[in-house]
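Trainee: Once you've had a glance at the structure underneath, I'll fire off some questions.
The values are calculated or read from the model by the stated rules, or taken from the named source; none is laboratory data. All values derive from a computational prediction rather than experimental measurement. When we count neighbours, we look across all protein chains shown, and the Cβ atoms used for this are built from the backbone with ideal geometry, even at glycine.
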Amino acid sequence: MLKIEHLTKSFGGVVATNDVSLHFQPASLSAIIGPNGAGKTTFFNLITGGLRPDSGRIIFDGEDITGFDALTTVRRGIGRAFQVANLFPEFTVRESLTAAVLSHRQQSAHLLVQFSAVEARTRADQIMEMFDLQERAGVVSRNLSHGDQKLLDIALALALDPRVLLLDEPTAGMGPEERWKMIDMIYKLWEDERMTLIFIEHDMDIVFRIAQTVRVLCYGQVLAEGAPEEIRSNPDVIKAYLGENFEKIAQ
Amino acid sequence: MQINTFTRYSVVALLVFVVLAAIPRITDDISILDTGIMICANGLFALSLNLLVGRTGLLSFGHGGFYAAGAYSFGLLMQTGMFSIPAAFALTIVFVAALSALVALVCVRLNETYFTFITLAFQMLFYNIILSWTSLTGGDQGLLGGIPKPVFLGIDLVNPVHLYLFCCGIFLVCVVLLYQITQSPFGYTLRMIRDNTERARFLGVAVNRYKVASFTLAGAFAGIGGMFMALFVSGAYPSFGYWTMSGDGIFMIMLGGMNTFLGPLVGAIILIVLNDLTTIYTDHYGLVLGCVILVFVLGLRRGLLDFIVEGIRDRRASKMDQTIQPTVPKEEIPR
Amino acid sequence: MGKTGKRSIHRRAFVKGIGGVAMVAAVAGFPAIVRARNTGPIRIGVSAIMSGRVAQMGSSSTNGAIMRVDAFNTSGGLNGRMIELIIRDSKGRPDEAARINRDFINRDDCDMILSLEASTGAFAVQEVVRELGTLCMHCLSETSSLTADPKLRTPNAFRSGRQGAHDAISAGSYAASIAKEKSLKKWMTVGPNYAYGHDTTEQFLNYLNHFSPDIELGSQLWPKIFQPDYTDVINKILQEKPDAVFTCLWGGDLSSFIEQGNLYGLFDQAQYFCIALADYTTMAAVKHLPSGIHSGNRYVSTFPGSAPNAAWEAEYVRQFNSRPTNWSWEAALGMQFLIEGIRKTGSSDGNEIAGVLPGMIVNSPFGVDGTITMRAEDQTIVEYGTGWGVTQSTEPFMPNVTPTDWKLIYELEAAWKKEQGYI
């Protein structure tokens, strides 16, 4: 489905992504973990066309999409949500989703119909329900709670019916309760839609609870990959990443 | 349902037209009609500029260039004596739209500050072409000899009442079209770009293409404003394409408000009426204008119509909070 | 200043009279009161540039008009009907000039227009009066085509000012005679970089060549209008060492150029021909006016050297506490033509007056022989005093002016018109 081959990107002297090769199976649910500055977000940016790699290839569905810009990547079916909710501050929830659905259906340029009455609203309402946002339909994005903003961010990506969905720390900045709600929602989403879902996460409990496979990035390189249980017991991972956490927890 | 909404705008516009058309029947003061024509020309200029500034988030400082292009191209076409007014009108719209598309293709790739600069640069280029291509444009003396206004469909634009009705009619059609644009999926896509260009791109919006389209439409409508002015003064002058014209447009938007659709029109009316009254009673136009700016900047902190509309909205919102705690917003339809 | 006081009397009268009504009418859309045309004051709309860099153009020209009107009103007007001037600022913008003049005619019910606009404004006014048919006197626009080009001319619009074409002939013939006398071979030109500068320079060179074919042209310099610093121009002249320099810089630009050139002793090294220096406000603005500069007469009280001219200047200075300019006499003359027309027809009807203006001859202190004619064929004035003289550093700055022979002007003007396809 999505194949990354020897991807490398450096900023000045710092190598943010160093010879990364990964393969994501169709309809898989995988997590990418790693300490701060491990190059996780850079990795996402390389895939979605926000950044151009120095070398290496990205193969999506048999096509080489290396160096494609954001727009083309999105049109191929790779959607993403952001670490900090990336919204349209003056749009209501419903308007945001309707606009996203219209874009997906290539109806954004229509001039002779009313935005408030387009058929795409039905789909937008469905998505709103999936994310339990229907009560917030008329609220402008900048007035939403942090959790709802994150939900809407993911919902926007989902409105494009992506075949690959990249979520960058979906639970960042949330309280414990909100977190689990979000994770349940993501899991349900994946079960219902069966797209290839890749998410970046800090919280190990979350990762080990839902991910099928886990890839560990450290200093831009792939440190380990495998099922959650394998990762949990991988000594390199424990040393590089989990170790600190476990120590902290122990204290 | 959608056709109904469009019909509703058209009916409102028609009613407004009937009211405006009644003015020459209740007064023979032609100068009121002249003021009306000025408002049509400048109002359309400001409304079209706001499609860029307020809707797309593009601060163009070269909009006057297209206003001038409309005035000159219409004037020149009419002076050939080969075109009827509707034909010259249509050709001018096509020409100005093409010109703005061309400029847009160069400008939209640049980031905000450079975008503003390069639009200004294009405007100066147009201005200098007008000044130096004397054989065509008359240089700094303007397009001389008057613009012939042959009668068409029984409309005689030499007659000030006819000219007034003609401008009002076309102006209202343009306003309905502009409003429809802002209310359409296209208009909302422009707003997406304004609010968050990067995210719009990640949602599959071909951002530059939309910017070009928005710029082209705005330029074409500004060109129509320029044609009104050319008809009114029966000529075209380089000052139409000077940067101060673009500045006036931005000023009208600031005065009237950029978030409310009709804000720029209100701004144009304020500026024109203010100008009319100050020239009658004093030579200190600049002073009066400066004071008004101070009031708006320090007092209202936004355009007049925005101030009123947002004020009403806030008051309503606080009333709602006091009376009931709505669990489900009214517009929500249970599925 | 006296002039402001004077003007505000007219304005106050206007405001008291109908200002309130006009305002209500403008805002609420009530019909303006339509007055019978043969009673009440005679209203003349005056659009002028009263603000910005050339505000002096507006103030000194309106003064000239006001003097004439005061004299008319004091002598009893037209059977008791007084002239009321409504003066408004066009800010030098043509669209604003068009609007203001339409307002004069449509809202304020003006009987005629006195246009004190510079070129673009004047052309905008011309289109308004062409369309509305109101009598109009252009006073300040010197662009020849306004009246010379039959396509631009209209039977209801006249000009009471100088013309570029006349000035060029006058300058060319004078410069050629000095060139012969002092054998000035190598010439340079300095002109402001816009249409007026280029056209005037080109026409001057054209006539200079006509009268004196053996001259040699060096660099032509085009500083920007309102340029504050002329060092580069001055250096270029010092380098090239021409025998003579022609410049059509005017107003503040010319005074800056002369003042800065003084520092380099520029004006001792060649003969300078300034088409627009001999205007008191320009000459007086220069701290040490060099002597020996050649200039066309804009307005000097020594030319025409008649008692009426000196008296007119004295009266102007007494009333307004400032010196008159070229624009003052042009506006005063324009007003005089309108008044003579009103007297002759006994009416304020623009159409009737437009009928008697062509060919009208008025006594005027500015006429080369004490009279000025409104030439019928192109509705513009001739026989006004035009000529060249040499400056001196003290009052009266230009004691002697050599008048240009109008026969010569007529002859070359006709040739020029033919060349342009005007006749």
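Trainee: Of these, C:Val54, C:Val34, C:Val27, C:Val15, which one is at pLDDT below 90, under 18 Å from the mean Cα position of the chain (by Cα) and β-branched (Val, Ile, Thr)? Spell out how you get there, then give the answer.
Mentor: Values: C:Val34 fails: under 18 Å from the mean Cα position of the chain (by Cα); C:Val27 fails: under 18 Å from the mean Cα position of the chain (by Cα); C:Val15 fails: under 18 Å from the mean Cα position of the chain (by Cα).
Answer to the selection: C:Val54.
Trainee: Residues in the range C:208-244 that are within 15 Å of C:Lys180 (Cα to Cα) and not in a loop (DSSP other than H, G, I, E, B): how many?
Mentor: Count: 6.
Trainee: Can you find even one residue in the range A:123-136 that is within 9 Å of chain B (Cβ to nearest Cβ), under 14 Å from B:Ser184 (Cα atoms), at pLDDT 90 or above and assigned to a helix (DSSP H, G or I)? Walk me through it before giving the result.
Mentor: Restricting attention to the range A:123-136, the residues satisfying the condition of being within 9 Å of chain B (Cβ to nearest Cβ) are A:125-126, A:129, A:134-136.
Those left that are additionally under 14 Å from B:Ser184 (Cα atoms): none.
No, because not a single residue in the range A:123-136 is within 9 Å of chain B (Cβ to nearest Cβ), under 14 Å from B:Ser184 (Cα atoms), at pLDDT 90 or above and assigned to a helix (DSSP H, G or I).
Trainee: Among the aliphatic types (A, V, I, L, M), assigned to a helix (DSSP H, G or I), within 14 Å of chain C (Cβ to nearest Cβ) and touching a strand residue (DSSP E or B) at 6+ places or on another chain (Cβ under 9 Å) - does that describe any residue in the range B:216-237?
Mentor: The answer is yes, given that some residue of the range B:216-237 is among the aliphatic types (A, V, I, L, M), assigned to a helix (DSSP H, G or I), within 14 Å of chain C (Cβ to nearest Cβ) and touching a strand residue (DSSP E or B) at 6+ places or on another chain (Cβ under 9 Å).
Trainee: Could you say whether any residue in the range A:58-71 is in contact with a strand residue (DSSP E or B) (Cβ under 6 Å, 6 or more places away or on another chain) and touching a residue at least 60 places away in the same chain (Cβ under 8 Å)?
Mentor: yes
Trainee: Which condition from (1) within 11 Å of chain B (Cβ to nearest Cβ); (2) in a loop (DSSP other than H, G, I, E, B); (3) among the small types (Gly, Ala, Ser) is the one that C:Gly161 breaks?
Mentor: Checking C:Gly161 against (1) within 11 Å of chain B (Cβ to nearest Cβ); (2) in a loop (DSSP other than H, G, I, E, B); (3) among the small types (Gly, Ala, Ser), the one that fails is (1).
Trainee: I'd like the full set of residues that are in a helix (DSSP H, G or I), at the interface with chain B (Cβ under 7 Å from one of its Cβ atoms) and free of Cβ contacts under 8 Å to residues at least 60 places away in the same chain, limited to the range A:96-115.
Mentor: The answer is A:Ala99, A:Leu102, A:Ser103, A:His104, A:Phe115.
Trainee: Looking only at the range B:47-78, count every residue that is over 28 Å from B:Trp133 (Cα atoms) and aliphatic (A, V, I, L, M) and tell me the total.
Mentor: 6
Trainee: Here's another thing I want to ask about it. Can you name the residue in the range C:42-92 that is of a type in the set (Ser, Thr, Tyr) and outside any strand (DSSP E or B) and is also nearest to the other protein chains (Cβ to nearest Cβ) among such residues?
Mentor: C:Ser51
Trainee: Hey, any hits in the range C:175-185 for a residue that's of a type in the set (Ser, Thr, Tyr) and either assigned to a loop (DSSP other than H, G, I, E, B) or on the phi > 0 side of the Ramachandran plot (or both)?
Mentor: Yes, that holds for at least one residue.
Trainee: Give the residues of the range C:130-154 that are crowded, with 24+ Cβ neighbours inside 10 Å, among the aliphatic types (A, V, I, L, M) and not in a strand (DSSP E or B), sorted by residue number.
Mentor: Passing the criteria: C:Leu140, C:Leu146.
Trainee: Restricting to the range B:249-261, give me the number of residues that are touching a Phe, Trp or Tyr at 6+ places or on another chain (Cβ under 9 Å) and surrounded by fewer than 24 Cβ atoms within 10 Å (Cβ to Cβ). Give the derivation first.
Mentor: If we filter the range B:249-261 for residues that are touching a Phe, Trp or Tyr at 6+ places or on another chain (Cβ under 9 Å), which is where we start, we get B:249-250, B:252, B:254-255, B:257, B:261.
Then keep just the ones that are surrounded by fewer than 24 Cβ atoms within 10 Å (Cβ to Cβ); that gives B:250, B:254, B:261.
Number satisfying all stated conditions: 3.
Trainee: Which count do you get for residues in the range B:108-130 that are farther than 16 Å from B:Ala222 by Cβ and crowded, with 18+ Cβ neighbours inside 10 Å? Give the steps one after another, and end with the answer.
Mentor: Narrowing the range B:108-130 to residues farther than 16 Å from B:Ala222 by Cβ: B:108-118, B:121, B:124-125, B:128-129.
Retained after the next criterion (residues that are crowded, with 18+ Cβ neighbours inside 10 Å): B:108, B:115, B:118.
Residues flagged as farther than 16 Å from B:Ala222 by Cβ and crowded, with 18+ Cβ neighbours inside 10 Å within the range B:108-130 amount to 3.
Trainee: Quick check on this structure: which one of B:Val212, B:Val176, B:Val205 is facing another protein chain (nearest Cβ under 7 Å), among the aliphatic types (A, V, I, L, M) and either in contact (Cβ under 8 Å) with a residue 40 or more places away in the chain or assigned to a loop (DSSP other than H, G, I, E, B) (or both)?
Mentor: Just a single option satisfies the conditions, and that option is B:Val205.
Trainee: Then there is this: State which residue is surrounded by the fewest Cβ atoms within 10 Å (Cβ to Cβ) when the search covers only the range B:131-173 and only residues that are within 9 Å of another protein chain (Cβ to nearest Cβ) and part of a helix (DSSP H, G or I).
Mentor: Among them, the one singled out is B:Thr134.
Trainee: What are the pairs, 6+ residues apart or on separate chains, where a residue within the range B:190-202 that is facing chain A (nearest Cβ under 7 Å) and more than 17 Å from A:Asn45 (Cβ to Cβ) has its Cβ under 6 Å from a residue that is crowded, with 24+ Cβ neighbours inside 10 Å and aromatic (Phe, Trp, Tyr)?
Mentor: B:Met192/A:Phe88; B:Asp195/A:Phe88
Trainee: Still on this structure, I have one more. Tell me whether the range B:198-211 contains one or more residues that are surrounded by 24 or more Cβ atoms within 10 Å (Cβ to Cβ) and within 30 Å of C:Ile100 (Cβ to Cβ).
Mentor: no
Trainee: Name the helices (runs of 4 or more DSSP H) wholly within the range C:308-423 that hold at least 1 residues that are in contact with a Gly (Cβ under 7 Å, 6 or more places away or on another chain) and surrounded by 19 or more Cβ atoms within 10 Å (Cβ to Cβ)?
Mentor: Numbers: elements: C:326-345, C:350-356, C:406-420.
Counting at least 1 such residues, we get C:326-345, C:350-356.
Trainee: Would you mention how many residues in the range A:17-51 are part of a loop (DSSP other than H, G, I, E, B) and either on the phi > 0 side of the Ramachandran plot or modelled with pLDDT of 85 or more (or both)?
Mentor: Filtering the range A:17-51 down to residues part of a loop (DSSP other than H, G, I, E, B) leaves A:25-28, A:34-39, A:48-51.
If we keep only those that are either on the phi > 0 side of the Ramachandran plot or modelled with pLDDT of 85 or more (or both) as well, we get A:25-28, A:34, A:37, A:39, A:48-49.
Looking only at that region, the number is 9.
Trainee: Might you let me know whether the range C:187-196 holds any residue that is modelled with pLDDT under 95, assigned to a helix (DSSP H, G or I), assigned by TED's automatic domain parsing to the domain that holds C:Tyr299 and under 14 Å from C:Thr247 (Cβ atoms)?
Mentor: Taking every residue of the range C:187-196 in turn, at least one turns out to be modelled with pLDDT under 95, assigned to a helix (DSSP H, G or I), assigned by TED's automatic domain parsing to the domain that holds C:Tyr299 and under 14 Å from C:Thr247 (Cβ atoms).
Trainee: What number of residues within the range C:99-116 satisfy the criterion of being out of contact with any Ser or Thr (no Cβ under 8 Å at 6 or more places or on another chain) and within 7 Å of chain B (Cβ to nearest Cβ)?
Mentor: Total satisfying the criteria: 1.
Trainee: Output the number of the condition that B:Thr327 fails; it satisfies all remaining conditions of (1) modelled with pLDDT under 80; (2) surrounded by 12 or more Cβ atoms within 10 Å (Cβ to Cβ); (3) in a loop (DSSP other than H, G, I, E, B).
Mentor: Only one criterion is unmet by B:Thr327, namely (2).
Trainee: Of (1) in contact with a Lys or Arg (Cβ under 8 Å, 6 or more places away or on another chain); (2) within 14 Å of chain C (Cβ to nearest Cβ); (3) among the β-branched types (Val, Ile, Thr), B:Ile85 satisfies all except one. Which?
Mentor: Only one criterion in (1) in contact with a Lys or Arg (Cβ under 8 Å, 6 or more places away or on another chain); (2) within 14 Å of chain C (Cβ to nearest Cβ); (3) among the β-branched types (Val, Ile, Thr) is unmet by B:Ile85, namely (2).
Trainee: From the list B:Leu265, B:Leu298, B:Leu289, B:Leu274, pick out the single residue that is surrounded by fewer than 23 Cβ atoms within 10 Å (Cβ to Cβ), away from chain C (no Cβ under 14 Å) and of a type in the set (A, V, I, L, M).
Mentor: Just a single option satisfies the conditions, and that option is B:Leu298.
Trainee: Still on this structure, please answer the following. In the set C:Phe158, C:Phe211, which member is closer than 30 Å to C:Gln379 by Cα and either surrounded by 23 or more Cβ atoms within 10 Å (Cβ to Cβ) or in contact with a strand residue (DSSP E or B) (Cβ under 6 Å, 6 or more places away or on another chain) (or both)?
Mentor: After ruling out the rest, the residue left standing is C:Phe158.
Trainee: Has the range B:28-40 got any residue that is more than 14 Å from chain C (Cβ to nearest Cβ), buried (at least 24 other Cβ atoms within 10 Å of the Cβ) and closer than 28 Å to B:Gly138 by Cβ?
Mentor: No, there is no match, as no residue in the range B:28-40 is more than 14 Å from chain C (Cβ to nearest Cβ), buried (at least 24 other Cβ atoms within 10 Å of the Cβ) and closer than 28 Å to B:Gly138 by Cβ.
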